[in-house]
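> Can you keep this structure in mind? I'll have questions shortly.
The values are calculated or read from the model by the stated rules, or taken from the named source; none is laboratory data. This one's a predicted model, so the numbers in the text were calculated from it and none came from an experiment. So basically every Cβ, Gly included, is an ideal-geometry build from the backbone, and we count neighbours across all protein chains shown. Ligands, DNA and RNA are stripped out before the accessible areas are found, and what is left, the full protein with its side chains, is counted by its heavy atoms. Shrake-Rupley method; radii C 1.70, N 1.55, O 1.52, S 1.80 Å.
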Amino acid sequence: MKKTYTVNIGGLVFSIDEDAFMKLNGYLDELKVHLKNNPGRSEIMEDIERRIAELFKEKLKDRKEVIGLDDVEKVVGILGKPGDIGEEGEEGSQYEKIKGGRPKRLYRDIDDKMIGGVCSGLGYYINIDPTWVRIVFAVAILLSGISVVAYLILWIVVPPANTITEKLEMRGDPVNLSNIENAVKNEMDKMKSKFEDFVDKTKDHFKRKT
């Protein structure tokens, strides 16, 4: 008989047996140590835990009630080891390669949008420049108003890519430690760049007034 723990991971509650709990706890502790000098540590850990929760949720679809050691080991295999963080040209863990990787998922790209991000999301999904998708919609609007209705339906039905996991899935990238870390770093760099632009514009504005 094994002890069972109740844990909250990524905002979801799971029952997990003792061996699995020890393995998962050790894995997360190792990640925290590896990321201790990373300025985006909190954000990276949050996204990793959300990804773990998503994978655990998939495991429980098989009418399982408790997460076991084998489940945790498979999750670790998908995400990769802490030492994988920061590696360039990461193509996914060995487990993902064996399983054939993750297919792209259709999302609206809210980071590169002109209206609702539908065209950018479609561009990622069918692997073409979003500009061409916008041109197709624009031409279709001139020829027929049906494309407006189609766009509105897609805007309502297709979810936005809000989280790091969703943005990686939209691009068809493996949702592993290295890609999560790189994505968070890019998000922070963008925020820093926007803030610096705002400061520069504010300084210029006050200089003109004086």
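> How large is the dipole of the stretch 111-210 about the Cα centre if only Lys and Arg carry +1 and Asp and Glu carry -1, each at its Cβ, rounded to the nearest 20 debye?
Value, rounded to 20: 560 debye.
> Further question: Please express the shape of the stretch 1-46 as an equivalent ellipsoid: the semi-axes are the square roots of 5 times the eigenvalues of the C-alpha gyration tensor, given largest first in whole angstrom.
Square roots of five times the eigenvalues give 25, 13, 4 Å.
> Continuing with the same structure: Of the residues F137, F198, F56, which exhibits the maximal mean-square fluctuation in a Gaussian network model of the chain defined by a 10 Å Cα contact cut-off?
Comparing F137, F198, F56 in the GNM, the peak value goes to F198.
> Shifting gears a bit: In degrees from 0 to 90, rounded to the nearest 10, what is the angle of the helix 41-59 Cα long axis to the longest principal axis of the chain?
Once rounded, the angle reads 70 degrees.
> How about the stretch 9-87: which GluC sites (Glu not before Pro) there lie in a loop by DSSP and see at most 16 other Cβ atoms within 10 Å?
E65, E87
> Apply the Karplus curve 6.51 cos²θ - 1.76 cosθ + 1.60, θ = phi - 60°, to the phi angles in the stretch 161-176 and return the couplings in whole Hz, x for Gly and Pro.
The phi angles translate into 8, 8, 8, 4, 4, 5, 5, 5, 4, 4, 8, x, 8, x, 8, 10 Hz.
> In addition: Report the FRET efficiency, 1/(1 + (r/R0)^6), for M22 and K57, where r is their Cβ-Cβ distance and R0 is 35 Å, rounded to 0.05.
Here the calculated transfer efficiency is 0.95.
> Translational diffusion coefficient, Stokes-Einstein: compute it for the chain using the Kirkwood radius over C-alpha pairs as Rh, at 20 °C and 1.002 mPa s, and state it as an integer in µm² s⁻¹.
The Stokes-Einstein estimate is 109 µm²/s.
> Distance in nm between label sites at N37 and K74, each 7 Å beyond Cα in the beta-carbon direction?
Output for this residue pair reads 3.7 nm.
> Still on this structure: For the chain, what is the accessible area per residue in Å² when the probe is 1.4 Å?
63
> Could you work out how far the C-alpha centroid of the stretch 1-67 sits from that of the stretch 108-154, in angstrom?
After rounding, the separation between the Cα centres reads 37 Å.
> Further question on the same structure: Picking from A20, A140, A53, which is most flexible by a Gaussian network model of the chain using Cα springs under 10 Å?
Answer for the Gaussian network model of the chain: A140.
> For the chain, with a Gaussian network of springs between Cα atoms less than 10 Å apart, report the residue from V76, V184, V33 with the top mean-square fluctuation.
V33
> Taking Cα atoms, how many degrees apart are the long axis of helix 146-157 and the longest axis of the chain, rounded to 10 and kept between 0 and 90?
Rounded to the nearest ten degrees, it is 30.
> Go through K113/K185; K2/K59; K74/K192; K74/K113; K61/K81 and tell me which ones have a Cα-Cα distance over 31 Å in this structure.
K74/K192; K74/K113
> At 0.36 nm per residue, and after removing the present C-alpha to C-alpha distance, how many nm does the segment from E166 to T6 gain when stretched out fully?
55.0 nm
> Would you be so kind as to identify which of Y27, V175, I156 lies farthest towards the positive end of the dipole of the chain, taking Lys and Arg as +1 and Asp and Glu as -1 on Cβ and the Cα centre as origin?
About the Cα centre, the residue reaching furthest to the positive side is I156.
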